[in-house]
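Novice: Before we start, here is the structure in question, set down as structure tokens.
The values are calculated or read from the model by the stated rules, or taken from the named source; none is laboratory data. As the structure is a computational prediction, the values presented were derived from the model and not from experiment. Counting neighbours? That spans all protein chains shown, and the Cβs are built from the backbone with ideal geometry, glycine included.
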Amino acid sequence: MGHRQQMTDKQRMDWDIMQYNANKAARRGSNYAYMSDEVYHDLQDKGYVEHIFERDERVTTSEYAAKKVVDELRASGCYARIICQANKLLIRHYSVYYKKKKK
């Protein structure tokens, strides 16, 4: 292939579809609830407990670490969810809340 002008209609359409899908994948982000007083009280009312990470930390900056903890909690029979907290520098901190499933 060469420049866009030298492509056939089918090649141009395939190129546009590939570019669209690549841009959509690049813009894909996380969809977590952000911490607020309302969210905090809702979690407390439903009986959720905050997970404590390594070194007695309540939050982590690693989304991967939070997802790993959620997967482990869900595998052990708990409801678990990630709550995001952002500061003025837009650095995201993730905390995990969980509760045991009723049998």
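Novice: Collect the residues in segment 67-77 that are within 20 Å of Lys103 (Cα to Cα) and surrounded by fewer than 17 Cβ atoms within 10 Å (Cβ to Cβ), keeping them in residue-number order. Working first, answer last.
Specialist: First, the residues of segment 67-77 that are within 20 Å of Lys103 (Cα to Cα): 70-77.
If the condition is that a residue be within 20 Å of Lys103 (Cα to Cα) and surrounded by fewer than 17 Cβ atoms within 10 Å (Cβ to Cβ), then Asp71, Glu72, Arg74, Ala75, Ser76, Gly77 are the ones that fit.
Novice: Collect the residues in segment 27-66 that are over 22 Å from Lys100 (Cα atoms) and basic (Lys, Arg), keeping them in residue-number order.
Specialist: Of everything in segment 27-66, those that are over 22 Å from Lys100 (Cα atoms) and basic (Lys, Arg) turn out to be Arg27, Arg28, Arg55.
Novice: Moving on to the next point. State the number of residues belonging to segment 1-31 that are at pLDDT 90 or above and of a type in the set (Ser, Thr, Tyr).
Specialist: Counting residues in segment 1-31 that are at pLDDT 90 or above and of a type in the set (Ser, Thr, Tyr) gives 1.
Novice: Now, a different point. Listed residues Arg92, Arg58; which is of a type outside the set (Val, Ile, Thr), over 30 Å from His3 (Cβ atoms), exposed (fewer than 14 other Cβ atoms within 10 Å of the Cβ) and touching a Ser or Thr at 6+ places or on another chain (Cβ under 8 Å)?
Specialist: Arg58
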